[in-house]
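Encoded as structure tokens, the structure appears first; notes follow it.
Coordinate-derived values only; no laboratory data. Predicted model only: the values in this text are computed from it and were never measured. Every residue, glycine among them, receives a Cβ derived from its backbone with ideal geometry; neighbour counts consider all protein chains shown.
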Amino acid sequence: MFIPHNRISLLMKHYLDIYFERLSFKTYNPRKPAKYGMKAYKICDGTGYTWKFKLYTGKEVDEEIEQLGGGIIGLVMHMMKELLRKEYHLFMDNWYSSPTLYQKLSENKTHAAGTVRVNRKRMPKELTQKKAKKGRKRGEVDFRRSENLLAMRFLDNRDVYMLSTIHDISEVETGKADRDTNERVKKPKLVVDYNQHMGSVDMADQMAKVYTEARRSIKWYKKLVWYLNDVAVTNAYIVYKLVSGRNISHMDYILALVDELITEGLMECGDDRPTPKKTGRRSQSNPARMTYCHSNHWPVYIESQPGTSKKNATRSCTVCSAKKTKPGEKRMRSETRYECKECKVALHVVVCFEKYHTLKNYADLSQDSSSDEEL
């Protein structure tokens, strides 16, 4: 389990547009650029690491969710099942929040904070009654408390309703100044913390989409697989930075990962790998270069023996010498300047080197190597 921060975020996301393909659990959200898509529930930590997500597959009865309370409350308790009773701080938007849910999380030693819809059950009526905006100043705060649950109304551009089992009503400076009065702007700590930690889900999606492998397709399952790959790569990048301590850029990590994956795939496939069509511009780099291969069988020059006057040392080629001759035929001596670095066997680089290392009975299949002489 990778949760390095005690502050995590839960958010519902429409993250994959699917155009107009028939799909039983396709959802519609008019506020999104891609109004039709698949919906998922995600839990992310402060680094953008996606710890858990659940794909919405339509209205169906999930026995485990029903046992945990059903509806939104059961969904949140199901998503948080492995994280309960560990003193984590959970931030969520108004689609999830309710006083009942926050109280249930508090009973399981999990703190929560977030925005809330004004019509949720058990919201204090004194706080939710509409109040004329005239005469009220921006930043005005009204609140009610019940034991460890704080309900707050904060006037920004409009009234914002929030719940928390973490915060009190204290205010902190935002580091900004008012345009008219030039006074330092203060906001409730609940608002500041929510804005800071709720962005982790958006940060995770942003990192996954920067170098996405997704392509335009009307097949919903393809888009889902591409998205899962993007999430996996983003998570790997975050873990790598944490474990290694290196401040490597996202692009450099992606390029190194692609290089390694291509190399491993080519080495595993061997000679059975399909040969791609040579179209377009030739790549300037070769990730499957031979330095990756775990082999020391390379042709090298034969070293001259001390005390000899011959500048370029030669020996008889093993493959050519093993060639079977017909009765009465004179065996031709075939010299070569090369040998195998690992085997220490003299071989012609062309034909003979390959035959020696790939054929068991190379002597029977050897041909006249007169055309293989090296200069």
Diffing the stretch 54-65: the Karplus 3J(HN,Hα) column from phi (6.51, -1.76, 1.60, θ = phi - 60°), in whole Hz with x for Gly and Pro, holds 10, 7, 6, 10, x, 6, 9, 8, 9, 4, 5, 5
Counting sequence-distant residues (5 or more places) and residues on other chains, those with an amide H built under 5 Å from that of PHE143 are ARG153
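What pairs from LYS42/LYS137; LYS125/LYS187; LYS32/LYS52; LYS54/LYS209 go past 26 Å between their alpha carbons? Don't skip to the answer; put the middle values down first.
On the way: LYS42/LYS137 36 Å; LYS125/LYS187 24 Å; LYS32/LYS52 23 Å; LYS54/LYS209 19 Å.
Violating the 26 Å Cα-Cα cut-off are LYS42/LYS137.
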Here, LYS311 and ASN247, labelled 7 Å along Cα→Cβ, have an inter-label distance in nm of 5.6 nm
Looking only at lysines whose Cα falls under 24 Å of LYS310's and that sit 8 or more positions away or on another chain, we get LYS341, LYS344
Stretched fully, the stretch from TYR56 through ASN157 gains (0.36 nm per residue minus C-alpha distance, one decimal, in nm) 33.1 nm
Residue separation between LYS344 and ASN229 times 0.36 nm, minus their alpha-carbon distance, gives in nm 36.7 nm
